[in-house]
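What follows is one structure encoded as structure tokens, with my remarks underneath.
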Amino acid sequence: MKVFLIAGARPNFMKIAPLYREARRRPVECKIVHTGQHYDYQMSQAFFDDLELPQPHYFLDAGSGSHAVQTARIMIAFEEVCRKDRPDLVIVVGDVNSTLACSIVAKKMLIEVAHVEAGLRSYDLTMPEEINRMVTDAISDYFFVTEQSGMDNLLKEGKPAEKVFLVGHVMIDNLFHQVKRLEQGAEIQPGVKQIKERFTEYGFMTLHRPSNVDSRTKLLGILEALEEISRGLPLIFPVHPRTRKMLLRHGLELPENVAAFDPLGFRDALYLWKDARVVLTDSGGLQEETTALGVPCITIRENTERPITVEKGTNVLAGCSKEGIL
Ligand code: UD1
């Protein structure tokens, strides 16, 4: 049996790592297809290194662009790969444009699709990821689900119960694997070690969602909240390329007590956030990872497609206004 594992953007890499490890122990020919949605060293190759992933078998080199351009480029390139080297099954993870593009291509070529992290819903269609999740789930053959809300959503949408599996979260499998690697003394960048030693207490933050950073007014409100928080608690902030671009475009600067970094690899970031007093984020995955390690998390969003993190975990939904975050 030949299986393609699809990854394209940063949050995909930690989800395919445990799947690839497992596939190698089984009689499956498993090939990694990297769409190239993310391409900078720190957004892509750094993760392959940290997660002990081999070089992808196929690299589609899609790059950045509008949603239509990026999705179309991935579709054209992936169709060609499937034509030349047809797999029996395509496994897509998460909710990025690569997930959507590759599931559509595979289904139209009558290749079965399995969606890992299926069934999550924010019901907020202004969020591109929600569209990606809904379309991917509409055409997938097998659904691997991380939390009960995903089961409920898929069954409500009429999916056959025998195709829907509550399996827990491969991203959390990866997290525990990587925590162990840190305990065994895995290497950390000297600059990252130094910053942790410099502060007795700190917060860790990430921010990259278009709805938070593309509008000047929204971003300014968030920066004002960070200014106030960081007066009492220094913040460590690896800045996503989109956010860096938007700060420049809007002529805004980060507050003085916010220590900015280029994007960090998986292990360096984990080394910092696992001991943070609090994590502030608009990421999807970090809401779940902080829950798994019991680190308080404040999510700078109006809604979450991962309600278990609020019901059972450490996550609080703050909204995106200065007052909400404070
Ligand atoms: C994408 C995902 C989002 C995920 C995020 C994690 C979609 C719709 N969005 O958003 O769900 O949370 O990744 O990072 O799939 N850029 C670089 N270098 C790179 C990649 C991007 O500089 O390696 C810059 C480009 O200027 C690009 C911008 O970042 O225009 C945004 O990248 P893009 O992949 O379009 O979306 P993300 O915001 O990263």
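The values are calculated or read from the model by the stated rules, or taken from the named source; none is laboratory data. A quick note: this is a predicted structure, and the numbers were derived from the prediction, not measured. For neighbour counting, all protein chains shown are included, and Cβ atoms are generated from backbone atoms with ideal geometry for every residue, glycine included. In case anyone asks, the SASA skips ligands and DNA or RNA and just uses the protein heavy atoms, side chains included. Shrake-Rupley method; radii C 1.70, N 1.55, O 1.52, S 1.80 Å.
Within region 32-51, can you find the residues that are farther than 10 Å from F13 by Cβ and touching a His at 6+ places or on another chain (Cβ under 9 Å)?
V33
Yes or no, residue by residue, for (1) more than 11 Å from the ligand (Cβ to nearest atom); (2) more than 20 Å from the chain's Cα centre (by Cα); (3) within 16 Å of P241 (Cβ to Cβ):
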{"residue": "K2", "(1), (2), (3)": "yes, yes, no"}
{"residue": "R10", "(1), (2), (3)": "no, no, yes"}
{"residue": "L19", "(1), (2), (3)": "yes, no, no"}
{"residue": "E29", "(1), (2), (3)": "yes, yes, no"}
{"residue": "Q37", "(1), (2), (3)": "no, no, yes"}
{"residue": "Y41", "(1), (2), (3)": "no, no, yes"}
{"residue": "Q45", "(1), (2), (3)": "no, no, yes"}
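Matching residues to (1) part of a helix (DSSP H, G or I); (2) not assigned by TED's automatic domain parsing to the domain that holds P128:
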residue	(1), (2)
F165	no, no
G168	no, no
L182	yes, yes
G185	no, yes
K196	yes, yes
E201	no, yes
H208	no, yes
T217	yes, yes
L220	yes, yes
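Taking V192 and the conditions (1) touching an Asp or Glu at 6+ places or on another chain (Cβ under 7 Å); (2) open to solvent by less than 10 Å² (accessible area, probe 1.4 Å); (3) aliphatic (A, V, I, L, M); (4) under 30 Å from H67 (Cα atoms), which numbered condition does it fall short on, given that it satisfies the others?
It fails just one condition, (4).
Could you pull out the residue among K159, K108, K163 that is open to solvent by 70 Å² or more (accessible area, probe 1.4 Å) and in contact with an Asp or Glu (Cβ under 9 Å, 6 or more places away or on another chain)?
Going through K159, K108, K163 in turn, the sole match is K108.
Suppose the filter is open to solvent by 40 Å² or more (accessible area, probe 1.4 Å) and either within 16 Å of the ligand (Cβ to nearest atom) or assigned by TED's automatic domain parsing to the domain that holds E302 (or both); does K245 pass it? Show your work before the answer.
Details: open to solvent by 40 Å² or more (accessible area, probe 1.4 Å): yes; either within 16 Å of the ligand (Cβ to nearest atom) or assigned by TED's automatic domain parsing to the domain that holds E302 (or both): yes.
It is true that K245 is open to solvent by 40 Å² or more (accessible area, probe 1.4 Å) and either within 16 Å of the ligand (Cβ to nearest atom) or assigned by TED's automatic domain parsing to the domain that holds E302 (or both).
Kindly indicate whether F176 is in a strand (DSSP E or B), among the hydrophobic types (A, V, I, L, M, F, W, C) and closer than 23 Å to P11 by Cβ.
Criteria not met by F176.
Looking at F59, is it modelled with pLDDT of 95 or more and open to solvent by 70 Å² or more (accessible area, probe 1.4 Å)?
yes
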